[in-house]
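A short worksheet on the structure shown next.
The values are calculated or read from the model by the stated rules, or taken from the named source; none is laboratory data. Since we're looking at a predicted model, the values are computed, not measured. Virtual Cβ from ideal backbone geometry, glycine too; neighbours counted across all protein chains shown. Each accessible area value is taken on the protein alone, full model and side chains, heavy atoms only, with ligands, DNA and RNA left out. Shrake-Rupley method; radii C 1.70, N 1.55, O 1.52, S 1.80 Å.
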Amino acid sequence: MERFYTCSCFFRDNIFLEEYKLHVRFVSESQFRKDYQNILRSMGCVSESKLRDVIGKIHAEIERRQNHKLESAERAATIKEIYTPLHQHVYHLQESFLAPELLQMVKYCASSDATVEGLLKLIQTEAAPRVYRFPVFREEFCKDLIEELEHFEQSDAPKGRPNTMNNYGILLNELGFDESFITPLREVYLRPLTALLYSDCGGSCLDSHKAFVVKYAMREDLELCYHYDNAEVTLNVSLGKEFTEGNLFFGDMRQVPLSETECVEVEHHVTEGLLHRGQHMHGALPISSGTRWNLIIWMRASRERNKLCPMCGKRPTLVESNGFSDGFTMDPDDDTNRNVSCSLT
């Protein structure tokens with residue numbers, strides 16, 4: 001199996017300051033003050049004590065990221081040892097879980113005369129460019145999966161949060177979904193679609209992923225701020241339960257300033273997935289009642305990201321990690337990354 005790596009920018013770039021809804025880069029305190037002190041002041045961070053509090057939270061997040069590899073492995077081992085699933089069957093992908101519409105699209109993509117134009121006749125296009133909506137799972141499976149997730153959530157097993165923006169959710173690799181569920185879903189059922197729809201940005205060579213579920217509920221996370229994903233292609237599936245509002249919205253690609261962007265709202269229905277480019281800026285509007293679970297799969301193509309890290313926009317400096325990591329691989333013909341680095345600068 002291919003060995004995957006992380007880019008060293010993971011430790012210092014794209015740190016989300018929840019109170020100010022701002023992503024920042026932190027190399028040093030002097031750099032941070034120079035780049036962000038005026039911006040933060042305009043957002044209400046007007047005292048030195050408030051700024052010191054922000055810097056303290058950044059240091060805590062950097063430490064969490066540095067320890068993530070070891071702590072994630074420890075959580076996965078503990079979960080495997082002490083957690084008893086409620087619905088064991090949901091951990092192993094079966095075709096009976098999948099919506100007939102998805103199976104029809106996959107069958108079409110396997111035909112010798114499959115084209116983008118032909119696939120688009122079977123899929124729902126949205127006002128946002130190259131955003132597609134289609135049924136992914138059957139309702140019964142979504143119900144069973146949510147019951148399993150809530151059972152795990154209520155257990156004593158350790159839990160890691162999906163990322164800095166989502167405070168409630170579950171990393172599916174730690175729960176044991178990667179090998180027998182997410183990997184075959186990506187390879188057998190999603191890659192045939194992405195190969196046609198996103199051939200220009202790695203859709204035909206997706207070789208790793210990060211999968212997690214996020215939860216939105218009253219008195220918890222209600223919404224998700226405008227952002228882009230660490231992915232070439234993202235699938236976002238609405239699993240349920242009962243909720244109102246909470247549609248997604250899309251802007252432009254990350255290179256386009258928000259001031260030059262007109263956002264488009266996209267409906268998100270239970271059992272359906274939204275497929276989009278990872279660098280397409282987007283967010284989730286707040287729910288107004290109920291509880292909502294979403295399955296997110298960040299799909300990565302090492303052939304694309306090995307050239308340019310999608311998070312820092314530079315040639316990646318590789319850091320050893322475990323599992324699929326962040327989807328970078330070592331090019332045997334490239335000497336620039338031979339000495340794997342843990343540099344944080």
Count of residues meeting criterion [surrounded by 18 or more Cβ atoms within 10 Å (Cβ to Cβ) and either of a type in the set (V, I, T) or within 18 Å of the chain's Cα centre (by Cα) (or both)] in the stretch 22-36: 1
Where a residue in the stretch 219-239 is under 11 Å from H209 (Cβ atoms) and its partner, wherever it lies, is among the basic types (K, R) and open to solvent by less than 10 Å² (accessible area, probe 1.4 Å), with Cβ under 6 Å and at least six apart: A231/R300; E232/R300
Hits in the stretch 319-333 - residues which are modelled with pLDDT under 95, open to solvent by less than 30 Å² (accessible area, probe 1.4 Å) and more than 24 Å from V214 (Cα to Cα): V319
Selection from the stretch 297-318 of residues that are open to solvent by less than 30 Å² (accessible area, probe 1.4 Å) and β-branched (V, I, T): I297
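Could you say whether any residue in the stretch 7-21 is among the charged types (D, E, K, R) and buried (at least 18 other Cβ atoms within 10 Å of the Cβ)?
Filtering the stretch 7-21 down to residues among the charged types (D, E, K, R) leaves 12-13, 18-19, 21.
Cutting the leftovers down to buried (at least 18 other Cβ atoms within 10 Å of the Cβ) gives us 12-13.
Yes, some residue in the stretch 7-21 is among the charged types (D, E, K, R) and buried (at least 18 other Cβ atoms within 10 Å of the Cβ).
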Residue, nearest to R186 (Cα to Cα), within the stretch 255-284, restricted to residues that are surrounded by 16 or more Cβ atoms within 10 Å (Cβ to Cβ) and of a type in the set (S, T, N, Q): T271
Single condition A211 does not satisfy, out of (1) small (G, A, S); (2) surrounded by fewer than 21 Cβ atoms within 10 Å (Cβ to Cβ); (3) at pLDDT 95 or above: (2)
Selected residue [open to solvent by 10 Å² or more (accessible area, probe 1.4 Å), at pLDDT 95 or above and out of contact with any Lys or Arg (no Cβ under 9 Å at 6 or more places or on another chain)] from S204, S180: S180
Residue that is surrounded by the fewest Cβ atoms within 10 Å (Cβ to Cβ), among those in the stretch 226-249 that are at positive phi and touching an Asp or Glu at 6+ places or on another chain (Cβ under 9 Å): G240
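Sort out which residues of the stretch 206-232 are among the acidic types (D, E) and within 22 Å of M253 (Cβ to Cβ), and write them in order of number. Lay out the reasoning, then the answer.
Step one: of the stretch 206-232, the residues among the acidic types (D, E) are 207, 220-221, 223, 229, 232.
Result: E223, D229, E232.
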Hits in the stretch 175-209 (condition: within 23 Å of P158 (Cα to Cα) and without any contact (Cβ under 8 Å) to a residue 24 or more places away in the chain): E179
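Please list, ordered by residue number, the helices (runs of 4 or more DSSP H) wholly in the stretch 46-144 having 1 or more residues that are among the small types (G, A, S), under 21 Å from Y189 (Cβ atoms) and open to solvent by less than 40 Å² (accessible area, probe 1.4 Å). Write out each step before concluding.
Details: elements: 48-82, 100-109, 116-120.
Because the criterion is at least 1 residues that are among the small types (G, A, S), under 21 Å from Y189 (Cβ atoms) and open to solvent by less than 40 Å² (accessible area, probe 1.4 Å), the helices (runs of 4 or more DSSP H) in the stretch 46-144 that meet it are 116-120.
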